[in-house]
Amino acid sequence: MGIVNVTPDSFSDGGRFFEHGDAIAHGRRLAEDGADLVDVGGESTRPGAEPVGAEEERRRVIPVVEALAAEGIVVSVDTTKAAVARPALEAGAAVVNDVSAFRVDPELAGLTAAAGATCVLMHMLGEPRTMQDDPRYDDVVAEVAAFLEERLAFAVAEGVPESRVWLDPGIGFGKTSEHNLELLRRLDEIVALGRPVVIGTSRKSFLGRLTGRGEEGRLAGTLATNVMALERGAGVFRVHDVAEVGDALRVARALLR
Ligand code: HH2
């Protein structure tokens with residue numbers, strides 16, 4: 001899953017693809033680099049980010065979703081709002097990636113079901129503005145697994161077939177570095193829920209804390225975590241650097257076979 005952030009403020013590439021033409025060209029490039037799907041988002045969820053209104057979010061993402069889908073690229077829309085997901089699905093998006101797992105806007109579940117779309121349900125403790133203020137868990141893996149199980153049941157109750165739900169432990173969303181590492185270490189416990197697991201470590205700050213590197217220098221850490229996640233059973237890898245991570249996964253898969 002390649003990342004297209006149509007935002008001025010995303011943590012690693014904010015402003016680079018804020019113009020529609022740049023975002024579309026970038027999405028096309030990610031598909032050429034081997035992405036099976038391209039995730040288009042118009043609201044940064046980096047720690048401390050301010051929320052964006054639905055109208056502005058639509059203005060940012062819909063033309064990009066429409067153009068990429070028209071080229072036959074499988075598009076997912078990274079949003080928590082039904083008012084954004086609805087036109088995105090109409091414009092050809094096939095996946096709804098909701099970092100709030102249908103909590104911000106429960107209507108999004110029925111909308112996903114009616115559209116026959118797939119959804120990504122992600123765990124987040126709190127909300128982006130405050131989520132990194134001293135997050136605490138007794139057992140982060142057990143708590144994330146219980147949350148995802150409950151959200152999966154909610155989606156199914158709202159009419160989304162279980163086969164169309166993917167789950168994501170939400171690396172970096174209300175978690176310390178140690179929480180992120182523990183989730184990756186014990187990812188098999190999330191995989192055991194029986195749904196494809198999405199993992200998003202790409203360029204995230206815990207990699208910077210481990211390596212001492214800024215966003216642009218975190219590819220090696222991104223590769224290490226995605227390969228380890230593959231080994232533990234993850235199925236979808238949300239990344240900025242599609243060509244490089246794709247190669248690493250291809251080699252790792254050949255070894256694991
Ligand atoms: N991470 C980000 C955004 N959306 N969705 C899923 N399912 N999983 C993730 O780990 C995830 C996500 C944050 O990364 P990015 O899009 O690069 O940054 P920003 O939120 O600042 O736009």
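Just a few scattered comments:
- Filtering segment 2-16 to residues that are more than 9 Å from the ligand (Cβ to nearest atom) and open to solvent by 20 Å² or more (accessible area, probe 1.4 Å) leaves 8, 15, 16.
- Residue check, residue 127 open to solvent by 40 Å² or more (accessible area, probe 1.4 Å) and either at pLDDT below 95 or within 22 Å of residue 223 (Cα to Cα) (or both): yes
- Any hit, segment 83-99, residues being more than 29 Å from residue 149 (Cβ to Cβ) and within 16 Å of the ligand (Cβ to nearest atom): no
- Residues of segment 187-196 satisfying the condition of being farther than 17 Å from residue 223 by Cα and either among the hydrophobic types (A, V, I, L, M, F, W, C) or assigned to a loop (DSSP other than H, G, I, E, B) (or both): 190, 191, 192, 193, 194, 195, 196
- Residue 72 in contact (Cβ under 8 Å) with a residue 40 or more places away in the chain, at positive phi and open to solvent by 10 Å² or more (accessible area, probe 1.4 Å): no
- Residue list for segment 90-115, restricted to those being open to solvent by less than 30 Å² (accessible area, probe 1.4 Å) and closer than 23 Å to residue 2 by Cα: 91, 93, 95, 96, 97, 98, 99, 100, 101, 102, 108, 112
- In segment 179-220, residue surrounded by the fewest Cβ atoms within 10 Å (Cβ to Cβ) [restricted to those that are aliphatic (A, V, I, L, M) and under 17 Å from residue 245 (Cα atoms)]: 220
- Counting the residues of segment 23-42 that are out of contact with any helix residue (DSSP H, G or I) (no Cβ under 8 Å at 6 or more places or on another chain) and either aromatic (Phe, Trp, Tyr) or more than 27 Å from residue 54 (Cβ to Cβ) (or both) gives 3.
Residue-wise test of (1) farther than 14 Å from residue 160 by Cβ; (2) acidic (Asp, Glu); (3) at pLDDT 95 or above.
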site	(1), (2), (3)
72	yes, no, yes
76	yes, no, yes
85	no, no, yes
90	yes, yes, yes
98	no, yes, yes
103	yes, no, yes
108	no, no, yes
116	no, no, yes
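- Filtered by the rule that a residue be under 16 Å from residue 124 (Cα atoms) and assigned to a loop (DSSP other than H, G, I, E, B), segment 175-186 gives 175, 176.
- Residue that is nearest to residue 209 (Cα to Cα), among those in segment 144-170 that are aliphatic (A, V, I, L, M) and without any contact (Cβ under 8 Å) to a residue 40 or more places away in the chain: 146
- Spans of helices (runs of 4 or more DSSP H) in segment 198-256 with at least 2 residues away from the ligand (no atom under 11 Å from the Cβ) and of a type in the set (D, E, K, R): 242-256
- Scoring residue 133 on the criteria (1) farther than 20 Å from residue 198 by Cβ; (2) part of a loop (DSSP other than H, G, I, E, B); (3) within 12 Å of the ligand (Cβ to nearest atom) leaves a single failure, condition (3).
- Among the residues making up segment 228-254, those that are in contact with an Asp or Glu (Cβ under 8 Å, 6 or more places away or on another chain), of a type outside the set (A, V, I, L, M, F, W, C) and in contact (Cβ under 8 Å) with a residue 60 or more places away in the chain are 238, 240, 246.
- Residue 230 being open to solvent by 50 Å² or more (accessible area, probe 1.4 Å), out of contact with any Pro (no Cβ under 9 Å at 6 or more places or on another chain) and either modelled with pLDDT of 95 or more or under 17 Å from residue 39 (Cα atoms) (or both): no
The values are calculated or read from the model by the stated rules, or taken from the named source; none is laboratory data. Values in this document were obtained by computation on a predicted structure and should not be read as measured data. For neighbour counting, all protein chains shown are included, and Cβ atoms are generated from backbone atoms with ideal geometry for every residue, glycine included. Quick note on the areas: whole protein, heavy atoms, side chains included, nothing else; ligands and nucleic acids left out. Shrake-Rupley method; radii C 1.70, N 1.55, O 1.52, S 1.80 Å.
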